[in-house]
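The values are calculated or read from the model by the stated rules, or taken from the named source; none is laboratory data. The structure displayed is predicted, hence computed values, not measured ones. Here the Cβ positions follow ideal geometry from the backbone for every residue, glycine too, while neighbour counts run over all protein chains shown. Ligands, DNA and RNA are stripped out before the accessible areas are found, and what is left, the full protein with its side chains, is counted by its heavy atoms. Shrake-Rupley method; radii C 1.70, N 1.55, O 1.52, S 1.80 Å.
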Amino acid sequence: MKRVVVALIPYLWLLGLFLVPFAIVLKISLSDVAMARPPYLPQFSWNEGIGAFLSQLDFENFTFLTTDDLYWKAYLSSLKIAATSTLLTLLIGYPIAYAMARTPEQWRATLMMLVILPFWTSFLIRVYSWMGILSQEGYLNQLLLGLGVISEPLILLNTKIAVYIGIVYTYIPFMILPIYAALHRLDNSLIEAAEDLGCSRAKAFWLVTVPLSRNGIVAGCFLVFIPTLGEFVIPSLLGGSGTLMIGKVLWEEFFNNRDWPVASAVAVVLVLILIIPIVLFQQNQQKQQEAES
Amino acid sequence: MRLSGFNITSLTLGFAFLYLPMVILVVYSFNESRLVTVWTGFSTKWYGELLNNQAFLDAAWVTFKVAVFSSTLATVLGTLAAYALVRGGRFLGRTLFSGMIYAPLVMPEVITGLSLLLLFIGIGLERGVLTIVLAHTTFSMCYVSVVVSSRLVAFDRSLEEAALDLGCSPWGAFRLVTLPIIAPAVISGWLLAFTLSLDDLVIASFTTGPSATTLPIKIFSAVRLGVSPEINALSTLMIAIVTLGVIVASLLSKRNFVHQQQRNTVD
């Protein structure tokens, strides 16, 4: 009996504060915007019954998403930005993870801590720290102008480049850690064997090290890709008005335009898009666990 | 094993990339000039301004309250959830339950925030500290639950069974055997929940009302207009607190580890 109570409290909490709210989003995405408080119609009422309520629902908001350029462009651009920055994070994170796995044993714990430490520092502050670096009078431009590399300050802040830098910077620990976990288990004699059998160093790396760290690479890529897709803070601080990302569109739709039904429809579609990478990620993790046990 | 030149280069560049932006932020927080990027001289005046800024102090207090309440609540709920998932066997709706534990971890914050706000408006709950606490508890309990379950999975179940055989009540066995063993995970779960709450901008922005402004909301609205010296000072203070916390925590866990090693060798 007591066991039931133990499970019931968190269960009810999540039902009430996770599932029900999401059902509300779904419902409002099928409503019409109205000059009312709250600003949408129909409002559900038990007196009229579910049938009457259902008959008033429509998919107008979803058709609206397909007709207005802004939305599908924002989804596409989010996908593109997330994919590109995942690739960049992999290219920068892999050598770091690789080098960490090659350092002497007594250094590794410290290096691990140094990778994790930024994660405990405020995300907002980490993104903010790049504003001073990338702005037109920023430290990077000062440095490059001082060195004589450039004669005109570069425009970096409020461009996509700044968004890429911000994403790579804040999410790189998520890439390094799983790859490091895969690489430090790697048996060195396998690489030696490959080299003994006539592989060049680069070839041994490509044919032995990379495939054996595949699980870490896949996990890291999903851990970066999934949260970046709905990112809000980075595009709004570093991206300027020119960078379209769906998280920002949702925010603006809700706070600036006060169009709750469209904001909800944007959210529903975003969840539908996210389901694919999340399911793939789950499968990868399960396969890995089965392989280990 | 010796490090090749390539590995040394990637470690150096990698960690420079990770830490240089924050080092610059800290250094320039002691800059005298209001023009943040132009160094004119050493000064701590921005820290003084910060401490005289009542709005920031109020926001810091709200943030702290929210973090303490929500992380404590999240730790209790998350530990219960982990216990139910790992030890509960099969029960009706278990798949839904574990789905609801994992979904908030991958749900974009804008969606979690939006959905909770719509709920609070729907049930007519006035928005303020309470609603932020409820929102933060909901997503951070999932993180706590993941951390605690990994520890629960790893430990030997026969210890609990022995306690039950020796006459402990289920609650007694949990309190006297399970809890001490999973305590490190529970503590790190609490710390994680606390940090997540301190850090959160998006969900707090959606679920708060005019009566409660948290520090991230305040920082965000200030930096939207550009870099500001007060925010640099504030960031430096926050970085200092976190670094100190992590160093103390790692020293403590190192000491525990050494103790355990010694005990093991004595045995």
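For segment B:130-191, the extents of the C-alpha atoms along the principal axes are 44, 23, 13 Å, listed from largest to smallest.
A DSSP coil position with no more than 12 other Cβ atoms inside 10 Å describes the following trypsin sites (Lys or Arg not before Pro) in segment A:119-208: A:ARG185.
Sparsely packed loop sites in segment B:186-257 (the trypsin sites (Lys or Arg not before Pro) outside DSSP H, G, I, E and B with at most 12 other Cβ atoms within 10 Å) comprise B:ARG224. The contact between chain B and chain A removes approximately 7100 Å² from the accessible area (both sides summed; 1.4 Å probe; ligands, DNA and RNA excluded).
Once you charge only the Cβ atoms, +1 for Lys and Arg and -1 for Asp and Glu, what is the size of the charge dipole of segment B:38-115 about its Cα centre, to the nearest 20 debye? Charge dipole of segment B:38-115: 440 debye, to the nearest 20. Checked against a 32 Å cut-off, the cross-linked pairs A:LYS248/B:LYS65; B:LYS45/B:LYS218; A:LYS73/A:LYS287; A:LYS160/B:LYS65 give Cα-Cα distances beyond that limit for A:LYS73/A:LYS287; A:LYS160/B:LYS65.
The value obtained for the protein assembly as shown, namely the Cα convex hull volume divided by the number of residues, is 202 Å³ per residue. Per residue, chain A exposes 49 Å² of accessible surface when a 1.4 Å probe is rolled over the protein heavy atoms with every protein chain present.
For A:ASP32, the residues whose modelled amide H falls within less than 5 Å of its own, excluding neighbours fewer than 5 places apart on the same chain, are A:LEU41. Of all stretches in chain A that contain no GluC sites (Glu not before Pro) in a DSSP loop with at most 16 other Cβ atoms within 10 Å, the longest one is A:138-293. Here chain B is treated with +1 on each Lys and Arg Cβ and -1 on each Asp and Glu Cβ, and its dipole about the Cα centre works out to around 300 debye. Max-minus-min Cα coordinates of segment B:53-226 on each principal axis give 63, 34, 28 Å, with the largest extent listed first. Dipole magnitude for chain A: computed about the Cα centre from +1 point charges on Lys and Arg Cβ and -1 point charges on Asp and Glu Cβ, it is near 580 debye.
Positive end of the charge dipole of chain A (Lys, Arg +1 and Asp, Glu -1 on Cβ, about the Cα centre): tell me which of A:TRP107, A:ASN158, A:LEU12 has its Cα farthest that way. After comparing all options, I get A:TRP107. Axis angle, to the nearest 10 degrees, between helix A:160-184 and the longest C-alpha principal axis of chain A: 60 degrees. Beyond 33 Å, what share of the Cα-Cα pairs of chain A remains, rounded to the nearest whole percent? Every Cα pair in chain A considered, those over 33 Å come to 43 percent.
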